[in-house]
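Data block below; observations after.
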Amino acid sequence: MNYKIIENSIPPLQELVNLYKDAGWSNYTKDTALLVNAYKNSLFVLAVWDNSKLIGIIRVVGDGYSILYIQDLLVLKEYQHMGIGSRLLKEVMDKYKNVYQTVLLSDNEPKTKAFYQKMGLVSSDTYGCISFVKFNM
């Protein structure tokens, strides 16, 4: 299949909402202003298109030197297991290969953990670290 990858272009809001709804991430879909502002203030975005349909995206924040935070990595369910998520993550990791620390927070699900481990990431406790979070929900 021939997909188009576009760098640092914010997709139309409805395309983003469709992608986040498909993933079940309602925090973004119920507050579209948050979603738009999050994208406007991102360090880097890669979007994958199948013609005019947004099928995948990766969004990162950080300074691009000491820290890179992979905020969102989504692929429409019907396009999963085709290497799209792997390619997006690999492109980001290659672009920022000299960044001191790359971080992400994700669901504690076996398939999710297996994917990120396959891509070379490890749990923070491997380095003697612990993560702390606070969500304003």
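The values are calculated or read from the model by the stated rules, or taken from the named source; none is laboratory data. Bear in mind the structure is a predicted one, so any value in this text is a computation, not a measurement. Neighbour counts are summed over all protein chains in view; Cβ atoms, including those assigned to glycine, are modelled from backbone coordinates with ideal geometry. Areas reflect the complete protein model, heavy atoms only, side chains present, ligands, DNA and RNA absent. Shrake-Rupley method; radii C 1.70, N 1.55, O 1.52, S 1.80 Å.
The figures follow:
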| read-out | value |
| --- | --- |
| Residue 14 being open to solvent by 20 Å² or more (accessible area, probe 1.4 Å) and either farther than 27 Å from residue 120 by Cβ or touching an Asp or Glu at 6+ places or on another chain (Cβ under 9 Å) (or both) | yes |
| Selection within segment 28-61 - of a type outside the set (A, V, I, L, M, F, W, C), in a helix (DSSP H, G or I) and touching a Leu at 6+ places or on another chain (Cβ under 8 Å) | 28, 29, 32, 39 |
| Positions within segment 103-126 being open to solvent by less than 50 Å² (accessible area, probe 1.4 Å) and over 19 Å from residue 56 (Cβ atoms), in sequence order | 103, 124 |
| Lone qualifier among 85, 56 - being surrounded by 22 or more Cβ atoms within 10 Å (Cβ to Cβ), within 18 Å of residue 11 (Cβ to Cβ) and touching a strand residue (DSSP E or B) at 6+ places or on another chain (Cβ under 6 Å) | 56 |
| Hits in segment 28-53 - residues which are closer than 24 Å to residue 121 by Cα and open to solvent by 30 Å² or more (accessible area, probe 1.4 Å) | 43 |
| Some residue of segment 62-72 being assigned to a strand (DSSP E or B), of a type in the set (Ser, Thr, Tyr) and free of Cβ contacts under 8 Å to residues at least 40 places away in the same chain | yes |
